[in-house]
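Structure incoming, see below.
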Amino acid sequence: MRINLKMHKLKKDEGLTLIELMVAMAISAILIAAIYRTFIGQQKTYTVQEQVVDMQQNVRVAINKMMREIRMAGFGNVSNILPPQGQPFEALVWLGKKTITFNSIINPSDNKDNVNQNDDQITIIGAFEQVSTLAVEQSGGKVTIQLDEKASDFDLKYRKYICVGGLETHIIKEIDPATNTITIKDNLVNKYAGGTPVYKVKAITYQLRWDNKNPNMPVLTREDNTEGGGSQVVAENIENLQFEFDGVRMVKVTVTARTSMSDPEFKGGVGGFRRRTIASNILVRNMGLKP
């Protein structure tokens, strides 16, 4: 009797039946599917949030860079070389190898439509780059300026404007690189101590274009027309750029950025892209100043 009970107990502990195994596998599959769906959902949320953060960072970088330089447009009293006081500022468009003329320190162009969004562009003039310093004291009423170095950074064509001390800008008449001496067309207005900063006047253009490597990506570019280095990307996935200039001292900049990838399930925007728009009013500090 004891042997029979023992044999019966061993038979009960031999393993699972096929039905039990199938039920266990079905439950496991359901659990794995639920975990997978949760993981995919979290991964998608993370990807979307990462793109939104990148988009917000791009739009901030874009507008902050432009704000700094637009605010400084006209620095160095460059307006005295523009009409009606003087002659128009000329800068080289290196892409087309031709000369363009600007009649103001703020030059917006409406609806250029560079990326098919009725986007604008703007060219600003100012003494944005310090090149050298005065080698000696310079008296007012003089037409010769002696630099410590880098007189060769100027020329008589597209880099023919020199700003002294951030106070006055003149047109260059002659350059002697050997002695770092520059002769200007008009007399200096003020007296300057040795070591006073000397600046190069530039024409800088902000506009949108399609990225060279990705023709579907709109990018904000900054082009230093005076130097001819071509346009450099400032921020990616900038879809729209608008400028409003009141003709006096205020420039309104509106920038719209989009995510780098479209989301077919997102119904809140054209093409499945999420977008952010930032607008800022910029007070141009150097409009109408006199040396």
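Can you tell me how many residues within the stretch 241-291 are closer than 30 Å to ILE81 by Cα, part of a loop (DSSP other than H, G, I, E, B) and not hydrophobic (A, V, I, L, M, F, W, C)?
8
Right, something else. Mind listing whichever residues of the stretch 60-77 are among the hydrophobic types (A, V, I, L, M, F, W, C), part of a helix (DSSP H, G or I) and closer than 17 Å to ILE125 by Cβ? Working first, answer last.
First, pick out the residues of the stretch 60-77 that are among the hydrophobic types (A, V, I, L, M, F, W, C): 61-63, 66-67, 70, 72-73, 75.
Cutting the leftovers down to part of a helix (DSSP H, G or I) gives us 61-63, 66-67, 70.
Answer for the stretch 60-77, where residues must be among the hydrophobic types (A, V, I, L, M, F, W, C), part of a helix (DSSP H, G or I) and closer than 17 Å to ILE125 by Cβ: MET66, MET67, ILE70.
To continue, here is another question. When you scan the stretch 205-226, how many residues do you find that are free of Cβ contacts under 8 Å to residues at least 40 places away in the same chain and within 21 Å of PHE89 (Cβ to Cβ)?
Within the stretch 205-226, residues that are free of Cβ contacts under 8 Å to residues at least 40 places away in the same chain and within 21 Å of PHE89 (Cβ to Cβ) number 3.
Within the stretch 161-183, can you find the residues that are touching a residue at least 40 places away in the same chain (Cβ under 8 Å) and surrounded by fewer than 22 Cβ atoms within 10 Å (Cβ to Cβ)?
GLY166, LEU167, ILE171, ASN180, THR183
Which pairs have Cβ atoms under 8 Å, sit 6 or more apart or on different chains, and link a residue in the stretch 184-196 that is hydroxyl-bearing (Ser, Thr, Tyr) to one that is surrounded by fewer than 18 Cβ atoms within 10 Å (Cβ to Cβ) and in a loop (DSSP other than H, G, I, E, B)?
Sorted first by the residue in the stretch 184-196, then by its partner, the pairs are TYR192/GLU137.
Another question, then. Which members of the stretch 160-216 meet the condition of being touching a strand residue (DSSP E or B) at 6+ places or on another chain (Cβ under 6 Å) and at positive phi?
GLY165, ASN180, GLY195
Got a sec? Which of THR101, THR133 is of a type in the set (S, T, N, Q) and at pLDDT 85 or above? Don't jump to the end; show me each part of the working.
Numbers: THR101 fails: at pLDDT 85 or above.
Unique residue meeting the criteria: THR133.
Only one of (1) on the phi > 0 side of the Ramachandran plot; (2) modelled with pLDDT of 95 or more fails for ASP120. Which number is that?
Result: ASP120 fails condition (1) only.
Rundown of residues vs (1) over 23 Å from PHE75 (Cβ atoms); (2) touching a Phe, Trp or Tyr at 6+ places or on another chain (Cβ under 7 Å), yes/no style:
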residue	(1), (2)
ILE106	no, yes
ASP110	yes, no
VAL115	yes, yes
GLN121	no, yes
VAL131	no, yes
LEU134	no, yes
LYS150	no, no
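Continuing with the same structure: For the condition more than 20 Å from LYS185 (Cα to Cα), out of contact with any helix residue (DSSP H, G or I) (no Cβ under 6 Å at 6 or more places or on another chain) and modelled with pLDDT under 95, what is the one hit in LYS112, LYS142, LYS157, LYS150?
Testing whether each residue is more than 20 Å from LYS185 (Cα to Cα), out of contact with any helix residue (DSSP H, G or I) (no Cβ under 6 Å at 6 or more places or on another chain) and modelled with pLDDT under 95 leaves just LYS112.
To keep it simple, each residue is scored yes or no on (1) farther than 20 Å from ASN103 by Cα; (2) surrounded by 15 or more Cβ atoms within 10 Å (Cβ to Cβ); (3) modelled with pLDDT of 90 or more.
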| position | (1), (2), (3) |
| --- | --- |
| GLY229 | yes, no, no |
| LEU241 | yes, yes, yes |
| VAL248 | no, no, no |
| THR256 | yes, yes, yes |
| SER260 | yes, yes, no |
| ASP263 | yes, yes, no |
| GLY269 | yes, no, no |
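The values are calculated or read from the model by the stated rules, or taken from the named source; none is laboratory data. These numbers were taken from a predicted model, which means no experiment stands behind them. Neighbour counts run over all protein chains shown; Cβ positions are idealised from the backbone, glycine included.
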